[in-house]
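Note sheet for the following structure.
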Amino acid sequence: MNVIITGASKGIGKAIAEIFAANGHNLLLCSRGETALYKTMEELVTRFPSVSIKAKPFDLSIKEEAVAFGKWCLSVAVPDIVVNNAGLFEPGSVYNEPEGVLESQIATNLYSAYHVTRAVLPPMIQQKRGHIFNICSIASLHAYSNGGAYSISKFAMYGFSKNLREEMKPYGIKVTAVHPGAVMTDSWGNYDNSSKRIMEADDIAKMVFAASQLSVQACVEDIVIRPLLGDI
Ligand SMILES: NC(=O)c1ccc[n+]([C@@H]2O[C@H](COP(=O)([O-])OP(=O)(O)OC[C@H]3O[C@@H](n4cnc5c(N)ncnc54)[C@H](OP(=O)(O)O)[C@@H]3O)[C@@H](O)[C@H]2O)c1
């Protein structure tokens, strides 16, 4: 199977790339930063030489680049699985976050997925099969302090995902919204996770992979996964 993963150079996206490659799937990857992306690609090619792994840098917050990434993917293969993972966390509050944060958060966390998905869907619809994963967040489900524009963008991402789920039923395409709580990635900066308070990227990857393995007639609609001790 061919798997598109956005924001795959590190964090949750990279963990998802690893588990699909380890299970014999071909990968199409992107992120903005070329150096980290190609380093990840080379690492995966070395570890999993039997699968095809291609990567190209795009800034998916720019509509033209998101569409170009989709077209580049289609020039290689029609995807079976699309993981809309690219995203950034800008902490803040609606009442005093800097001007423009809402626009940039929506562009990165929502429009990226919207435009990539629209670019690759037509041949998937023709094939009448496929699976789209949208990496939302606990911040898609309820408000929390310091959520601000990020939480708004993630609520919108969930709205996108729920609408797509309904639309894709007749075409045999599954849509899954993934809602992780805190996961130890660069988003958490220098957070000391030595007490294992927050989750590992691999926890999310294992759930995504498991949801991709069900019978053709089963669709996991939502994956909600939190640290054992709850949100922080
Ligand atoms: N970590 C958490 O606690 C947590 C919890 C809930 C949900 N999430 C969600 O999970 C997803 C992954 O987060 P993460 O924690 O793994 O973050 P991360 O470690 O910072 O990785 C983010 C990835 O997205 C890429 N990216 C960012 N902006 C992009 C853009 N405009 N175009 C293309 N690629 C872009 C980054 O590479 P470049 O910077 O080089 O572009 C990187 O590969 C995000 O959607 C995030 O909101 C994370």
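Overview of values
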| quantity | calculated |
| --- | --- |
| Using a Förster distance of 30 Å, the FRET efficiency for Ile125-Glu64 (Cβ separation, nearest 0.05) | 0.85 |
| Cβ crowding within 10 Å averaged over residues, with 7-14, 169-176 ranked highest first | 7-14, 169-176 |
| Nearest 10 degrees, 0 to 90: helix 112-127 Cα axis against the chain principal axis | 30 |
| Label-point separation, Asn23 to Ala36 (7 Å along Cα→Cβ), nm | 2.5 |
| Linear extension gain, Asp192 paired with Ile225, 0.36 nm per residue minus alpha-carbon span | 9.8 nm |
| Stretch gain in nm, segment Glu99-Lys71, where the contour uses 0.36 nm per residue and the Cα spacing is subtracted | 6.8 nm |
| Degrees, to the nearest 10: 201-211 long Cα axis against longest axis of the chain | 50 |
| Listed peptides 73-79, 43-49, 134-140 by packing density, highest first (mean Cβ within 10 Å) | 134-140, 73-79, 43-49 |
| Summed side-chain charge close to Ala149 - residues other than Ala149 whose Cβ falls under 13 Å, Lys, Arg +1, Asp, Glu -1 | -3 |
| 0 to 90° range, to nearest 10: angle between helix 148-168 axis and the chain longest Cα axis | 30 |
| Charge-dipole axis of the chain as Lys and Arg at +1 and Asp and Glu at -1 on Cβ define it, positive-most pick from Val116, Met157, Gln126 | Gln126 |
| Extension gain, Asn146 back to Gln213 (0.36 nm per residue minus Cα-Cα distance, nm) | 20.5 nm |
| Rg followed by Dmax, in Å, when the chain is reduced to its Cα trace | 16.7, 51 |
| Packing rank of 185-193, 53-61, 25-33, where each peptide gets the mean count of other beta carbons within 10 Å, highest leading | 25-33, 53-61, 185-193 |
| Cα-based reach from Lys14 at 13 Å (exclusive), listing aspartates and glutamates while leaving out same-chain residues under 8 positions away | Glu42, Glu43, Asp186, Glu200, Asp202, Asp203 |
| Candidate aspartates and glutamates for bridging to Lys39, where Cα separation is under 15 Å - those fewer than 8 sequence places away on the same chain excluded | Glu18 |
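We did not get these values from a lab; they are worked out from the coordinates using the rules stated. The shown structure was predicted, so the numbers you read here are calculated from the model rather than taken from an experiment. All Cβ positions, glycine included, derive from the backbone under ideal geometry; neighbour counts span all protein chains shown.
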